[in-house]
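Heads up: the structure comes next, in structure tokens.
Laboratory data are not the source of any read-out in this text; all were calculated from the coordinates shown. All values derive from a computational prediction rather than experimental measurement. Every residue, glycine among them, receives a Cβ derived from its backbone with ideal geometry; neighbour counts consider all protein chains shown.
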Amino acid sequence: MANLKDKITKLETSFFEELKSSSTIEQIEEVRVKFLSRKGLVQDIMAEIKNFSVEEKREWGPKLNKFKTDLEESFEKQKEKIQKQILKQEISKKQNFDVSSTKINVSQGNLHVLTKLTQQIENIFLSMGFKPVYGPEVETDFYNFEALNIAKDHPARDMQDTFWLNTPEMLLRTHTSSVQIRTMEKSNLPLAVVATGRVFRNEATDASHDYMFNQLEGLYIDKNVSMANLFGTIKTFLSALFDGKEISIRVRPSFFPFVEPGAEIDMTCPFCENGCSVCKKTKWIEILGAGLVHPNVLKSVGIDPNKYSGFAFGMGATRLAMLKYGIKDIRLLHSGKIDFLKQF
């Protein structure tokens, strides 16, 4: 037993010496690991009790437990003392902080202009009862074309130069209309959604065209939906997007395989009254394509066109950004040029 007493005395002396010399959280954590952890020196001594007789265990069991408890209490007190000292130092630094000082040449990050616009678009439609939905950028031929009433030999496929993948029937989506099909498949009616995201087309790049751009599409399915519902939704959205300005729309008949009837919609220029460079002196800007959802599209997702109808519309979110912020070259949006991005 004399040997055990010596071990305890030496261990206690060493523990308090190292505990007292600790002045940081890292240092005191090293003391805890060395002495009080499951593999620490105190546990090594505690393990020796298994070799004791029954009478020795009755004598030394409580003593060893008290020894361990006393060291743990001393550790916690020292740890609390160090934490208070650190907190006091931090408070002192803040009290002496010069609020008039500035850092020179420190750039601040910001949301990309397309991200900001997408958030604004989604917030506007949320206020109108539409739910934002998203889908994959790598799509199947079915969701991108067939379910949208675009057969394999349909000439409308030639209007969208597609990036086909080596995997059969797989492609980079050419529009966000594929999200509408996926949403109609799994959602209950009535349905009001807006889909935003990147789309890809194999086009030559210039100031107004890019192989990748952002698109915005809306879909509303219910009973007795008409073109009047579509026009009201579009006018409300455009007015909110362009800071509450009164926007008028002009409708021209057009063809899209996934709507019937289909229309091209122009809006009055939000930047002028008598013509400007944005509207090319016409006072009108071509903005989107839309129409009532084609019955074949409803059938492709199991919706009865005799019971339900709906409208759909699509427009370039990238084009909206260029209009709203006066961006002349679409390539700037993906250029990474700091001087350009800092404007927003």
### Query
Can you put 322, 170, 46 in order, fewest other beta carbons within 10 Å first?
170, 46, 322
### Query
Tell me which lysines have Cα within less than 24 Å of residue 10's Cα, excluding those fewer than 8 residues away on the same chain?
20, 34, 39, 50, 57, 63, 66, 68, 77, 79
### Message
Modelling each spin label as a point 7 Å along the Cα-to-Cβ direction, I'd like the residue 88/residue 52 distance in nm, to one decimal.
### Response
4.1 nm
### Query
Under 27 Å from the Cα of residue 342, which lysines turn up, not counting those fewer than eight places away in the same chain?
103, 116, 245, 324, 328
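If you place +1 on the Cβ of every Lys and Arg and -1 on the Cβ of every Asp and Glu, how big does the dipole about the Cα centre of region 113-341 come out, in debye to the nearest 20? Intermediate results must be reported in sequence, preceding the final value.
Working: 24 positive and 25 negative charges, 109 e Å.
Dipole magnitude for region 113-341 comes out near 520 debye.
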### Message
For a quick check of your reading of the filter: which trypsin sites (Lys or Arg not before Pro) in region 31-69 sit in a DSSP loop and have no more than 14 other Cβ atoms within 10 Å?
### Response
38, 39
### Query
Which whole-number percent gives the relative contact order of the chain, counting Cα pairs below 8 Å spaced six or more residues apart?
14 percent
#### Entry: Residue (of 110, 140, 277) at the positive-pole extreme of the chain, dipole from beta-carbon charges
110
### Summary
Inter-part gap, Cα centre of region 261-282 to Cα centre of region 188-250, in whole angstrom, is 16 Å
### Query
For region 113-341, rounded, prolate or oblate, judged on the Cα gyration tensor with a ≥ b ≥ c (square roots of eigenvalues), a/c < 1.5 rounded, else prolate if a/b > b/c?
oblate
### Message
Helix 54-95 against the longest principal axis of the chain: what's the angle in degrees, Cα atoms only, rounded to the nearest 10?
### Response
50 degrees
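Given R₀ = 35 Å, FRET efficiency for residue 120-residue 164 by Cβ-Cβ distance, to 0.05?
Numbers: r = 34 Å, r/R0 = 0.97.
Here the calculated transfer efficiency is 0.55.
Using the 10 angstrom Cβ neighbour count as an exposure proxy, how do 212, 267 rank, fewest first?
Numbers: 212 17, 267 22.
Going from sparsest to densest Cβ surroundings: 212, 267.
Helix-only mean residue ellipticity at 222 nm, the chain, DSSP H runs n ≥ 4 weighted -39,500 (n - 2.57), per residue, nearest 500. What is it?
So the helix-based figure for the chain works out to -12500 deg cm²/dmol.
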## Note on the structure
Of all trypsin sites (Lys or Arg not before Pro) in region 159-260, the ones in DSSP coil with at most 14 other Cβ atoms within 10 Å are 223, 245
### Summary
Filtering chymotrypsin sites (Phe, Trp or Tyr not before Pro) in region 113-182 by DSSP loop and by at most 13 other Cβ atoms within 10 Å leaves 134
